[in-house]
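The values are calculated or read from the model by the stated rules, or taken from the named source; none is laboratory data. Source: prediction; values computed, not measured. So basically every Cβ, Gly included, is an ideal-geometry build from the backbone, and we count neighbours across all protein chains shown. For the accessible areas, the whole protein counts, side chains as well, though only heavy atoms, and no ligand, DNA or RNA atoms are used. Shrake-Rupley method; radii C 1.70, N 1.55, O 1.52, S 1.80 Å.
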Amino acid sequence: MSLSVGIVGLPNAGKSTLFNALLGRQVARAQNYPFCTIEPNVGVVEVPDEKLSVLGKIENSQAIIPAAVEFVDIAGLVKGASQGEGLGNKFLSHIREVDLICYVLRNFTDSNVEKASSVNPQSDLETLKTELILKDLETIGKVTAKKPKTGDKEEVFRYQLAQKIEAILEKELLPVNQDWEDQERKALNSFFLLTAKPYMIVLNIDEVDLGRLDEVMANFPDWGVVPICAKVEAELAQLSPEEKTEYLASLGTSHSGLELLIKKAYANLGLISFYTAGEKEARAWTIPRGTLAPQAAGVIHSDFEKNFIKAEVVSFSDFVSFDGWARCRLLGKTRFEGRDYQFIGDEVVEFKTGR
């Protein structure tokens, strides 16, 4: 699926360093991902998934193919971007094209890296959000400036919604954080607002902070942030698994923040994985949560959706507990689902199709 995460921040916040670290996890088998044409500022990154190696071992799979998500390194924003400062409109147009915004905030001290316009994480986040709000006020203002024809119910509804959105933005609030009815949300999407996009927050910290994350995160209790030392992650990308373990241990931690970032981005995009497992490969397939069985089959091949009959499904836990397809079938742990089945994630599946 062509869903992307835009890395956004002020200059010298560590965006490119983080992006380079992500490139260390870039998908090697580019041909397996039809939307992964790699440009200088785009990387298709594997989603860490411990389940795949388990499935591959059970079915003696020749290949392991994880799910993937696309990250885009967007040029640094400066105050006044909404009015064309810095890269201005180019920067904002790049954000408009991504599905999830990843705000990278500077919380590291390095005298060799100019702070540019950075003050502190809280203030920097407000600067970033303000520029997006100002641009969206300009966008929505073009709608509210023209009153609709009285008899056109659809246009009247759209106009009234635009007024409602304008009032929210003028309070410096984000539409993405508001509760919307289904009809409103559908119309909201037609405005293509920057502030209507889901987002996550990365705190770029010092190396020494990795050993005292609880203390650092106490300053950001309600943010749900992912703490990462981009400098360390870029260095880890060049090491072997054994060297990574030793290096992290020397810093007082046992895991890379990059894996958490990728997993959280995947989840925040509203994506889940289902699995196919056999001798040829064990593979994770990406779908939005709640996808119906025929459309899930279509992710594998369009003919599978067209000729869908049913899906044989077993939970990952049962698949592992009963050692694969053969025993799961023998013991009645698999089930057949039809066209109305909604995927919830972590199913192991075989699709049955006609001609």
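List of remarks:
- Normalising the average separation of contacting C-alpha pairs (under 8 angstrom, six or more residues apart) by the number of residues puts the relative contact order of segment 188-339 at 14 percent.
- The count of lysine pairs in segment 240-345 whose Cα atoms are under 23 Å apart, excluding pairs fewer than 8 places apart on the same chain, comes to 5.
- Using a probe of 1.4 Å on the protein chains alone, the accessible area found for SER123 is around 40 Å².
- The residues packed around ARG106, meaning those with a beta-carbon under 9 Å from its beta-carbon, carry a net charge of 0 if Lys and Arg are +1 and Asp and Glu are -1.
- In a reduced charge model with +1 at each Lys and Arg Cβ and -1 at each Asp and Glu Cβ, segment 242-355 shows a dipole moment near 500 debye about its Cα centre.
- Per residue accessible area in Å² of segment 265-317, where ligands, DNA and RNA are left out and the probe is 1.4 Å: 41
- Of the listed residues MET217, MET200, the order by accessible area with a 1.4 Å probe, largest first, is MET217, MET200.
- Cleavage-rule hits, GluC sites (Glu not before Pro), segment 261-339, DSSP coil, Cβ neighbours within 10 Å at most 12: GLU279
- For segment 93-163, alpha-carbon Rg and Dmax in angstrom: 18.7, 63
- Among beta bridges that DSSP assigns inside the chain, antiparallel share in %, nearest 5: 50
- Relative frequency of Cα-Cα separations exceeding 16 Å in segment 252-338, percent: 65
- Overall, the chain carries a charge dipole of about 1220 debye about its Cα centre when +1 sits on the Cβ of Lys and Arg and -1 on the Cβ of Asp and Glu, all other atoms neutral.
- For the residue pairs LYS149/LYS171; LYS115/LYS231; LYS129/LYS197; LYS135/LYS164; LYS129/LYS231; LYS15/LYS115, alpha carbon separations beyond 18 Å are given by LYS149/LYS171; LYS129/LYS231.
- Cα coordinate range in the chain, projected on the principal axes (Å, largest first): 67, 64, 36
- Residue with peak Gaussian network fluctuation, the chain [Cα springs, cutoff 10 Å], from GLY257, GLY345, GLY141: GLY141
- ILE7, ILE300, ranked by accessible area, largest first (probe 1.4 Å): ILE300, ILE7
- Report summary: the helix-based calculation at 222 nm, which adds -39500 (n - 2.57) for every DSSP H run with n ≥ 4 and divides by the residues of the chain, gives -11000 deg cm²/dmol.
- Farthest positive-ward along the chain dipole, Cα basis, beta-carbon charges - from ALA249, VAL156, VAL143: VAL156
- Whole-number percent relative contact order across the chain, with pairs defined as alpha carbons under 8 Å at least 6 apart: 20
- The trypsin sites (Lys or Arg not before Pro) found in segment 265-319 that occupy coil by DSSP, while having at most 16 further C-beta atoms within 10 Å, are LYS280, ARG289.
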